[in-house]
Amino acid sequence: KVEWRAAAIPGARNYTDLKVTPEGLVYGLADASTFFVFDPVARTVVHQQDLRADFGGSVNHQGTRAFLIGPDQTVYLLLVKGIATIAPRTHAITLLVESPVPLQQGGDILDGRLYFIRHSHLYSWKLPTAK
């Protein structure tokens with residue numbers, strides 16, 4: 001039974017990816033260009049940002065997996081330009097590393113490495129060590 005529904009981002013054609021954060025919010029991507037934070041308790045968008053100018057948008061091909069949560073609960077975001085983190089309280093996006101190729105598809109994290117795909121190639125990046 002559907003208990004509630006609404007357009008989180010009015011005018012969006014599709015939602016590229018969604019991820020529940022360790023804090024219980026929902027991070028989302030609309031049309032691979034708009035990052036938003038949804039509060040499921042209040043049923044409202046509490047933060048919204050266009051990613052195109054600074055980051056080229058998010059990965060958006062089949063099997064998106066744009067949001068990845070590291071072993072220390074850091075939320076990583078895979079963007080066309082590289083790999084970023086999202087600050088839990090402010091939702092500010094910080095680009096950690098620029099990729100040598102535009103990112104296309106998401107991936108996963110295993111044994112301290114973040115993996116992503118570009119066409120037929122698999123790439124990996126070593127996660128920062130905890131301080």
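The values are calculated or read from the model by the stated rules, or taken from the named source; none is laboratory data. None of these values were measured; they are calculated from a predicted model. FYI the Cβ positions are ideal-geometry reconstructions off the backbone, even for glycines, and counts take in every protein chain you see. What goes into the accessible areas is simple: the full protein's heavy atoms, side chains included, and nothing from ligands, DNA or RNA. Shrake-Rupley method; radii C 1.70, N 1.55, O 1.52, S 1.80 Å.
Summary table below
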quantity	calculated
Inverse of mean 1/r across different Cα pairs in the range 38-114, Kirkwood, Å	13.3
Average accessible area per residue (Å²) across the range 89-131 - probe 1.4 Å, nucleic acids and ligands excluded	71
Dipole of the chain, positive direction: furthest Cα of Phe35, Leu77, Tyr123, with charges on the beta-carbon	Tyr123
His61 accessible area, assembled protein chains, probe 1.4 Å, Å²	80
With every protein chain in place, the range 1-127: carbon and sulfur % of accessible area (1.4 Å)	51
Charge dipole (debye, nearest 20) of the range 6-131; +1 at Cβ of Lys and Arg, -1 at Cβ of Asp and Glu	100
Probe 1.4 Å, accessible area per residue of the range 12-82, Å²	49
